[in-house]
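*Asks:* Take a look at the following structure, please.
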Amino acid sequence: MTPSVQINRPLVLVVEDDLVVQIQLRRSMEKEGYSVMTACDGQEALDIYNLLRPDIVLLDALMPVMDGFTCCAQLREMTRSSLTEELNDQVSILMITGLDDPDSVDKAFAAGATDYITKPIHWAMLRQRVRRLLQMQLVMKDLRRKIEQEKLVAKITQKIRQSLKLEVILNTTVIEIRKLFETDRVIVLQFQQDGNGTVIVESVAPGWKSILGKEIKEFSGDENLQQKYQKGNVCLTEDITAKTISECNILTIHDSQAKSSLVVPVIQRENIWGLLIVYQCSTPRQWQQSELELLKQLADQLVIAIQQAQLYQQLETVNQELQSLATIDSLTQISNRRFFDDSLFHEWKRLEREQAPLSLILADIDFFKSYNDTYGHQAGDECLKKVADVLRDHSQRPADVVARYGGEEFALILPNTDVQGAFNLALSIRSHIKSQAIDHLSSQVSPFLTLSLGVATVIPQSNISPEWLIAKADAALYRAKQFGRDQVVIA
């Protein structure tokens, strides 16, 4: 009768057809604290291995039905085929042989034996060899587990870092972790400046209520809870229903429907940024240490990805500011001459393809030098700002461009606008400036500030250039000044 297998003790399979030796081997192994199963031949050993997956096999070399060498080779083949699925299936095989010749030793190792010992058995040596093999097996299991874990982390990290946008990074993280852990819900909770937490991203299985956007206020008033996570402590709760509400499962009372949770803090620059939380909603769950370690590693990778996203966002902001400085007139805060030139070129090319009209208005403040001489340059700057504001108010469409063309000259690029539309807009601008009643006592045409405007329209063609349109609008502006100023002239 074979003994029952005890959980959490190494399982030894003794394969020996000599019942006396078999009993001796079993008793020796049981004294060492191992669980023991026995078999009388190779085929029975293979059947038991398939069922129980022992940690070590003590295998007699010479047996009926199937000898130890054949059995060893088949055991090793079974472990190779299963290793891709199960990391714990690499069994140690200690061959026990009455043959002490070099050929038999070579044959044993060729069949896949991990080690061998000869008969008659030296029991102290046997126990020592078994302990060493089991220790070696534990080391190998741990190494394989860590290698596999590193592969998983690398795989998920690669997916996380495919984007530099924080929203994409966070969504990818929770989706991949929920698939990896085969769980019901994964969230990222970010702490706000007031100390409260908000669920900013979530991956949830069908059938469970979403808690995306949920605000959790307990953190703002609980310094102990904040300090707990600040130190990087993790929180593992296997059965929430069996415990009272505590700092470890406080997140579970907010519609998460969780029965088990795993919480890892996300620490950024020694400050807690948020929490990465895995929920099991359907049933309580016994979390494995390897799962906890894996989640901590993924949280570390998430921190790096968040930092990269933030740096990228800062760089984008700086680039936008630099771009703004390069294309915006610092005084009037409308587009500068450089942006005007670029915009006119691009609109010309676009409308040449579409064969649609492009209009240009050039505007000049009448007697602006006299205005500066009379009121001073500071007042002159304020005058330029007011004119720019009027022009900006009259450019309603996104494609319209208002620019400071130079000095006291302004320009409006009006894509898909015919000559009548441009002329009407110029008249409206001229009228609006006069209605502002900006004093200009040194003007020779009005006691108030006025504009002269030139309008030109063309359907862009390949045989002419944007400079042609500028020249036409400039010529119209020149005639407006010749004809007495304070008026609009069409080229």
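*Asks:* Condition first: among the small types (Gly, Ala, Ser) and at pLDDT below 85. Now tell me which residues in segment 300-338 satisfy that. Steps first, please.
*Replies:* In the first step, residues of segment 300-338 are kept if they are among the small types (Gly, Ala, Ser); the result is 305, 309, 324, 326, 330, 335.
Residues satisfying the conditions are SER324, ALA326.
A quick yes/no check of all residues on (1) of a type in the set (A, V, I, L, M, F, W, C); (2) in contact with a His (Cβ under 9 Å, 6 or more places away or on another chain):
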position	(1), (2)
ARG127	no, no
VAL139	yes, no
LYS151	no, no
THR157	no, no
VAL168	yes, no
PHE181	yes, no
VAL188	yes, no
ASP194	no, no
ILE211	yes, yes
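*Asks:* Among the numbered conditions (1) closer than 13 Å to LEU166 by Cα; (2) in contact with a helix residue (DSSP H, G or I) (Cβ under 6 Å, 6 or more places away or on another chain), tell me where GLN297 comes up short.
*Replies:* Here GLN297 clears every test but (1).
*Asks:* Output the residue which, of all residues in segment 127-152 that are modelled with pLDDT of 80 or more and aliphatic (A, V, I, L, M), is surrounded by the most Cβ atoms within 10 Å (Cβ to Cβ).
*Replies:* Once the filter is applied, the top-ranked residue is VAL130.
*Asks:* For segment 44-66, what are the residues that are within 53 Å of the chain's Cα centre (by Cα) and surrounded by fewer than 16 Cβ atoms within 10 Å (Cβ to Cβ)? Please lay out each step first, then the result.
*Replies:* At the first step, the residues of segment 44-66 found to be within 53 Å of the chain's Cα centre (by Cα) are 44-59.
Across segment 44-66, the qualifying residues are ASP47, ASN50, LEU51, LEU52.
*Asks:* Report yes if ASP364 is buried (at least 16 other Cβ atoms within 10 Å of the Cβ) and assigned by TED's automatic domain parsing to the domain that holds PRO460, otherwise no. Lay out the reasoning, then the answer.
*Replies:* Details: buried (at least 16 other Cβ atoms within 10 Å of the Cβ): yes; assigned by TED's automatic domain parsing to the domain that holds PRO460: yes.
Answer is yes for this residue.
*Asks:* With loosely packed, with under 15 Cβ neighbours inside 10 Å and touching a Phe, Trp or Tyr at 6+ places or on another chain (Cβ under 9 Å) as the only criterion, which of ALA110, ALA124 stands out? First the steps, then the outcome.
*Replies:* Values: ALA124 fails: touching a Phe, Trp or Tyr at 6+ places or on another chain (Cβ under 9 Å).
None of the other options fit; the residue is ALA110.
*Asks:* Name the single residue that is surrounded by the most Cβ atoms within 10 Å (Cβ to Cβ) among those in segment 278-325 being touching a Ser or Thr at 6+ places or on another chain (Cβ under 6 Å) and not charged (D, E, K, R). Even if it seems obvious, please write down each step before you answer.
*Replies:* Initially, segment 278-325 is screened for residues touching a Ser or Thr at 6+ places or on another chain (Cβ under 6 Å), giving 278-280, 284-285, 301-302.
Next, only the ones that are not charged (D, E, K, R) stay: 278-280, 284, 301-302.
Numbers: VAL278: 27, TYR279: 30, GLN280: 23, PRO284: 14, GLN301: 18, LEU302: 26.
Result: TYR279.
*Asks:* Taking interchain pairs and intrachain pairs at least six residues apart, which have beta carbon atoms under 6 angstrom, with the first residue in segment 18-38 and small (Gly, Ala, Ser) and the second in a strand (DSSP E or B)?
*Replies:* SER35/LEU11
*Asks:* When only residues in segment 383-407 that are within 43 Å of the chain's Cα centre (by Cα) and among the β-branched types (Val, Ile, Thr) count, which is nearest to ASP418 (Cα to Cα)?
*Replies:* VAL401
*Asks:* I'd like to verify a number: residues in segment 208-264 that are modelled with pLDDT of 80 or more and over 16 Å from TRP287 (Cβ atoms), how many?
*Replies:* 9
*Asks:* Report yes if GLN149 is out of contact with any strand residue (DSSP E or B) (no Cβ under 7 Å at 6 or more places or on another chain), part of a loop (DSSP other than H, G, I, E, B) and more than 18 Å from LEU59 (Cβ to Cβ), otherwise no.
*Replies:* Numbers: out of contact with any strand residue (DSSP E or B) (no Cβ under 7 Å at 6 or more places or on another chain): yes; part of a loop (DSSP other than H, G, I, E, B): no; more than 18 Å from LEU59 (Cβ to Cβ): yes.
In short, no.
*Asks:* Is it the case that some residue within segment 460-480 is at pLDDT 95 or above, acidic (Asp, Glu), assigned by TED's automatic domain parsing to the domain that holds LYS369 and under 30 Å from TYR375 (Cβ atoms)?
*Replies:* Within segment 460-480, one or more residues are at pLDDT 95 or above, acidic (Asp, Glu), assigned by TED's automatic domain parsing to the domain that holds LYS369 and under 30 Å from TYR375 (Cβ atoms).
*Asks:* For segment 325-382, give me the residue count where each residue is outside any helix (DSSP H, G or I) and under 19 Å from ALA422 (Cβ atoms).
*Replies:* Initial filter on segment 325-382 (outside any helix (DSSP H, G or I)): 328-336, 355-367, 376.
Those still in the list that are under 19 Å from ALA422 (Cβ atoms) too: 334-335, 355-364.
Number satisfying all stated conditions: 12.
*Asks:* So, ASN424, is that one in contact (Cβ under 8 Å) with a residue 40 or more places away in the chain and either surrounded by fewer than 20 Cβ atoms within 10 Å (Cβ to Cβ) or of a type in the set (A, V, I, L, M, F, W, C) (or both) or not?
*Replies:* On the way: in contact (Cβ under 8 Å) with a residue 40 or more places away in the chain: no; either surrounded by fewer than 20 Cβ atoms within 10 Å (Cβ to Cβ) or of a type in the set (A, V, I, L, M, F, W, C) (or both): yes.
Judged against the criteria, ASN424 is not a match.
*Asks:* What number of residues within segment 385-433 satisfy the criterion of being part of a loop (DSSP other than H, G, I, E, B) and either at pLDDT below 95 or touching a strand residue (DSSP E or B) at 6+ places or on another chain (Cβ under 7 Å) (or both)?
*Replies:* Looking only at segment 385-433, we keep the residues that are part of a loop (DSSP other than H, G, I, E, B), and these are 395-400, 407-408, 416-418.
The next check asks that each one be either at pLDDT below 95 or touching a strand residue (DSSP E or B) at 6+ places or on another chain (Cβ under 7 Å) (or both); those that pass are 395-400, 407-408, 417-418.
Count: 10.
*Asks:* Now for a different question. So which of LEU412, LEU384, LEU391 ends up being surrounded by 14 or more Cβ atoms within 10 Å (Cβ to Cβ), hydrophobic (A, V, I, L, M, F, W, C) and farther than 14 Å from THR450 by Cα?
*Replies:* Values: LEU384 fails: farther than 14 Å from THR450 by Cα; LEU391 fails: farther than 14 Å from THR450 by Cα.
Among LEU412, LEU384, LEU391, only LEU412 is surrounded by 14 or more Cβ atoms within 10 Å (Cβ to Cβ), hydrophobic (A, V, I, L, M, F, W, C) and farther than 14 Å from THR450 by Cα.
*Asks:* Ok, one more. In segment 305-339, how many residues are under 19 Å from LEU384 (Cα atoms) and touching a residue at least 12 places away in the same chain (Cβ under 8 Å)?
*Replies:* Result for segment 305-339: 11.
*Asks:* Now a separate question. Which ones in segment 169-196 are over 14 Å from the mean Cα position of the chain (by Cα) and within 17 Å of TRP273 (Cβ to Cβ)?
*Replies:* The first filter runs over segment 169-196 and keeps only residues over 14 Å from the mean Cα position of the chain (by Cα), leaving 178-186, 189-196.
Result: VAL186, LEU189, GLN190, PHE191, GLN192, GLN193, ASP194, GLY195, ASN196.
*Asks:* For segment 440-491, which residues satisfy the criterion of being within 14 Å of ALA422 (Cα to Cα), touching a residue at least 60 places away in the same chain (Cβ under 8 Å) and part of a loop (DSSP other than H, G, I, E, B)?
*Replies:* Listed by number, the list holds a single entry, ILE459.
The values are calculated or read from the model by the stated rules, or taken from the named source; none is laboratory data. Quantities reported herein were computed from a predicted structural model and do not represent experimental measurements. Quick reminder, even Gly has a Cβ in these numbers, built from the backbone with ideal geometry, and neighbours come from all protein chains shown.
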